[in-house]
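What follows draws every value from the coordinates through simple rules; no lab data is involved. Everything numeric here is computed off the predicted structure, so don't read it as measured data. Here the Cβ is made from the backbone with ideal geometry for all residues, glycine too, and neighbour counts use every protein chain on show.
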């Protein structure tokens, strides 16, 4: 996506663990949430749900789980929590990746930020 676009996105892949630990992200993570790939993947200190405002985490987890259980894609409108603790509107879109019908290996998708960091912000 364009650097000055009003909408940006990042690709992610999470492990199929309880924490939804990041396995990979692309460079879009800087503009979507303010974190580098290394901060999200290499340190293991942040999970997918850490990028969501705390009061919405259970709702996001439930919607992701419903999509995975139904072997469908999920779409969740949520408020993202950026590295600098600001709130921004976002959408998570993704699906589960299965090696066979009963074996979930990862969750893959995109986080779309409707007000990316450094774009259209005053101050």
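Table for the structure above
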item	result
Net lengthening on full extension, residue 17/residue 105 (0.36 nm per residue, minus Cα-Cα)	30.8 nm
Linear extension gain, residue 66 paired with residue 97, 0.36 nm per residue minus alpha-carbon span	9.7 nm
Extended-chain gain in nm, criterion 0.36 nm per residue less alpha-carbon gap, residue 84 and residue 36	16.0 nm
Estimated distance in nm for a label pair at residue 114 and residue 75, the labels positioned 7 Å out from Cα along Cα-to-Cβ	1.3
Stokes-Einstein D for the chain, Kirkwood Rh over Cα pairs, 4 °C, 1.567 mPa s (µm²/s)	89
Euclidean distance between Cα centres, segment 7-29 to segment 70-111, Å	8
